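Below: the structure, in C-alpha cells.
Please treat every number below as a calculation from the coordinates, not as lab data. Since we're looking at a predicted model, the values are computed, not measured.
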Amino acid sequence: MAITRSATLVRHLTDLCDLSASAFATKRLTPLRSPCCSPPSAEPEAAPLRVALLLSGGVDSSLALNLACAAGHTVTAFYLQIWFQEDFRNFWDACPWEDDLAYARAVCDQARVQLRVVPLTCHYWDHVVSACVADIAAGRTPNPDVLCNSRIKFGAFMEYLHSEHAGQFDRVASGHYARLDRWPTHDGTGAALPPILRCCADAVKDQTYFLAALSPAQLASAMFPLGALPKASVRTLAQAGRLPPAERKDSQGICFLGKVKFSEFVAQHLGTCPGSFVDADTGRRVGTHNGVWFYTIGQRKGIQLSGGPWYVVSKDPGRNLVYISSAYHAADKRRSTFRVGLFSWLGDARPAQGRNSGLRVKVRVAMRHFPPSMALLTRASLRCAMDQRHTAPA
C-alpha cells in the first residue's frame, strides 16, 4: 500500500512540475520547467538518506513525510510535544496537541512509518516562551516561530538525536516552505560548504524568514521537501494521496497558544498594570489601557476610544505609556528608513561596514514584496533606506 501511494504522489508531482518520471526514479534529476516550481527539495539524488522528519499532524509536514519516502529515503517521524498540558488545562481547559498527535499517528500508520513522541516542554519554555514573555514585558513584539525553529526543532531536537540516536540520521526534515542549495564541491580543507537558504516556489507562503536564525551547521543537516511546490499543489497532492489531514485547515496564530487568546496568555504571565493612552499628535492623554505589553506597533484592535480608528505608533515601557494616532495613514506618517538587528550570518564572509557595504535588503510586508533597498551596516545594526515612503504595517 505504501509503495502504491508513493508512486501516486510521484506521478502527481510529475504532472504538477513537469518532471521526468524516469529521471526521478533513477535519481537523475533535471531542473523543473514549470514556472511555479524549482528543483526537488527532498534530495532524491542522495537517496537513501536516513531522515528524521518533524511531523506536526498538519497537511504540510504530512506531505513532506510522503515526499521524503517517495524520494527513496528511510524516514522516521518525530512528534515534538511542546504544549504545556498541565499549566494550560488548569487555566483554559484546552489541549489541542491531542488532535495533532492523532493526525500524526494516522499519517504514519498510512505510510507505515515509525512515529516517536519527544517531550520538549521544558526546553520550549526555557528557550522560547520565557524569552517571548521577557520581550513582551520589555515592550517588544517577539516572533516565537523564529525562536522555535532555531532553538527547538533544529536545536534541542537535534541535540536529542545526537544524544539518544547518535549517528542514526543524516537529515532533519520539516514541512517548511523553503529551499536549500547544496554545493557539489568542497572548500580547500575538504569540508563541505554550507548550503544556501533560498526562497521557496510560493512567494506568498515562503517561510525562509522563520528559518533565518538557523546556523550553517543546522542548515547542513536540514531538508525541506516542500521547497519546490506552491501551497495549492501541496493541498492537491495531499488530496491525491488521501492523506488524513488533506482537508484539515492550516494552523494560525502563535504556535504555543493554540486556542488561547494572546491577551489571556499575557495577562496570565504578566498581569495588568493600568497606564495612559497618549495622542501622539497632540501629547494629550485620551484614555487608559491595562498594560503596555498588550499592544504592538501598528495595532488597531482593542483600542476602544472615540474619535478613531486609533493605531499604536510607539510605546514607552518604562512609563507604561502607549502612544496612538488617528492619522496613522496620513502622508506625513510614512517613512522610508528603518533599522534591524540580531543578524544571523550564514557564511564566514562579512560585508564591509558603512555605506559602501554593497548590501541590498529585500523588504516584505504581509504579502507585498518591495524592491531591494540600500543598507548601511554598523557593528550592531543595519539601517535600510527604501526608494519610496510607506506606512508601517498594522
Checklist entry - Quick one: if you take sqrt(5λ) for each eigenvalue of the C-alpha gyration tensor of region 272-325, what semi-axes come out, biggest first, whole angstrom? => result 15, 12, 10
Item to check | Antiparallel content of DSSP bridges confined to region 272-325, in %, to 5 | outcome: 70 percent
Checklist entry - Residue by residue through region 118-129, which ³J(HN,Hα) values in whole Hz follow from phi under the Karplus form 6.51 cos²θ - 1.76 cosθ + 1.60 (θ = phi - 60°), with glycine and proline marked x? => result 10, x, 10, 4, 5, 4, 5, 5, 5, 9, 10, 5
Item to check | Exceeding the 29 Å Cα-Cα cut-off - candidates Lys153/Lys301; Lys153/Lys261; Lys153/Lys249; Lys231/Lys261; Lys249/Lys333; Lys231/Lys333 | outcome: Lys153/Lys301; Lys249/Lys333; Lys231/Lys333
